[in-house]
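Quick notes on the structure that follows.
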Amino acid sequence: MAEKPVDSLSESEAEAELKRLAEEIAEHDRRYHTEDAPVITDAEYDALARRNLAIEERFPALVREDSPSLRVGAAPAEGFTKVRHAVPMLSLAKAYTDDDVTDFIERGRRFFDRDKELDIAFTAEPKIDGLSASLRYENGVFVQGATRGNGAVGEDITANLKTIADIPAKLKGSGWPETIEIRGEVYMTYAEFEALKQRSAAVGGQDYVNPRNTAAGSLRQKDPSVTASRNLKFFAYAWGYTTADPAPTQYDSVQKFAEWGFKISPLMVRAKSAEELIAHYHRIEEQRSALGYDIDGVVYKVDQLELQRRWGFVTGEPRWAIAHKFPAEQAMTTVQKIDIQVGRTGTLAPVARLAPVTVGGVVVENVTLHNEDYIKGLDSTGQPIRDGIDVRIGDTVVIQRAGDVIPQIVSVVIDKRPADAVPYEFPHTCPICGSPATREINEKTGNEDS
Ligand code: IVH
């Protein structure tokens, strides 16, 4: 059975999938540890664990108490110890249009309507496209730093974070809380990314895809001197557990972070209306290409901490904040051929080979076609996608990087379809072993699985 891509799971599918993965991984753990008789390879086990984590990252509110990712203490295969965040690291609701932003502000005003005197303010700042990290300071000293992980449990990468010049080993100034977890984004500048690529090319080393992935890889090095050589940067924009509020407002708290020695975004402002926030979004958008690092939107937050607390949270996201995303970057290219890859469980995974095209600074040459239905223009429930247009060899397609990372086909340009393009014939035998490929029937739905 082909697995549905994490990006296209609905919330209820994700919930069912996390349950299945928790049970399946627990069973493999038991076979491995208790019976010493594993039935899957380490790579297959890792794939299950990674899928579990990817779903949890997309749906932090669905993380189960018995989740395999929450087994604290056990150092994972890669060797970092797990850290439970004293306050979970949340994700943000998203806005795609000006109307979504106006709705957000209106929801806030309605929520606080009882309090007519109230004067809500908001902050607006770039959404940095890096990796979030939580830095614990005790009595002003950096004692532990962790990745976000699934939001509840991350990995202890203290030694690597200590090499980042923007992260002070000791807080400057005074007035910091006895204990505070400073949160922000680790990122890599384009200049640093290009320099690293050149250094690597000079010695025939590996290629690097984009600054974000490279920053992620740089943070997960076993040897901190490698991390140090990558010259990563850090912006502080939030906090987790703290023994005292840094200041009464979001804006002033972040200004305190600057006094304590952190870099903060110079593009953070405080505003009162949706119009002002949207105007700032467009100012940031105009400067985007000149910043020298990737951002993927603008984050708005209620300024007064007291109001943040009153408005509260919903399923792993604060109600009082929203990320206004920039439109996804798209590009047009052609499908040169369709290959079938055989997955680890024998599933046939079709891949479109494309004429190389740059989307958001990354060259895209392959895109998954998921399964036979997807090629035909149908989703897993039989509903049309891409206006129900199938994908054929020779087609011109519009490519977008979902979440700015995984490329996908958003549409087929039917006007450009060559006259001799024919519907793709999905193979009915396995290209490796020659055995007939069948579609499995899902016991629960009675439908054919994809
Ligand atoms: S605030 C409680 N501010 O976006 C809110 N997040 O989708 C916590 N991010 O995991 C996040 N820039 O990695 C916030 N200026 C910013 C941000 C930002 C980037 C990332 C962060 C977080 C994700 C949420």
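The values are calculated or read from the model by the stated rules, or taken from the named source; none is laboratory data. From a predicted model like this one, the values you see are computed outputs, not experimental measurements. Every residue, glycine as well, gets a Cβ built from its backbone with ideal geometry; the counts of neighbours run over all protein chains shown. Side chains included, ligands, DNA and RNA excluded: accessible areas come from the protein's heavy atoms. Shrake-Rupley method; radii C 1.70, N 1.55, O 1.52, S 1.80 Å.
So here's what we get for this one:
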read-out: Contour minus Cα-Cα distance for Glu329 and Arg310 (0.36 nm per residue); value: 3.2 nm
read-out: Stretch gain in nm, segment Ser411-Val209, where the contour uses 0.36 nm per residue and the Cα spacing is subtracted; value: 70.3 nm
read-out: The chain - percent relative contact order, Cα under 8 Å, separation 6 or more; value: 15 percent
read-out: Net length gained if the chain between Ala421 and Thr179 were fully extended (0.36 nm per residue, minus Cα distance); value: 80.7 nm
read-out: Amide H within-cut-off set for Val410, under 5 Å, with H built and near neighbours excluded; value: Val398, Ile399, Gln400
read-out: Spin-label pair Asp223/Glu259, simplified geometry with 7 Å Cα→Cβ offset, distance in nm; value: 4.2 nm
read-out: Exceeding the 23 Å Cα-Cα cut-off - candidates Lys94/Lys172; Lys376/Lys416; Lys233/Lys256; Lys172/Lys222; Lys337/Lys416; value: Lys94/Lys172; Lys172/Lys222
read-out: Within the accessible area of the chain (1.4 Å probe), percent carbon and sulfur; value: 50 percent
read-out: Helix-only mean residue ellipticity at 222 nm for the chain, each DSSP H run of n ≥ 4 adding -39500 (n - 2.57), per residue, nearest 500; value: -8000 deg cm²/dmol
read-out: Inter-probe distance in nm under a simple model that places probes 7 Å from Cα toward Cβ, at Val351 and Ser12; value: 3.4 nm
read-out: Nearest-0.05 FRET efficiency for Asp390 and Arg283, computed from C-beta distance (R0 30 Å); value: 0.10
read-out: Accessible area per residue in Å² at 1.4 Å probe, computed on region 344-399; value: 42 Å²
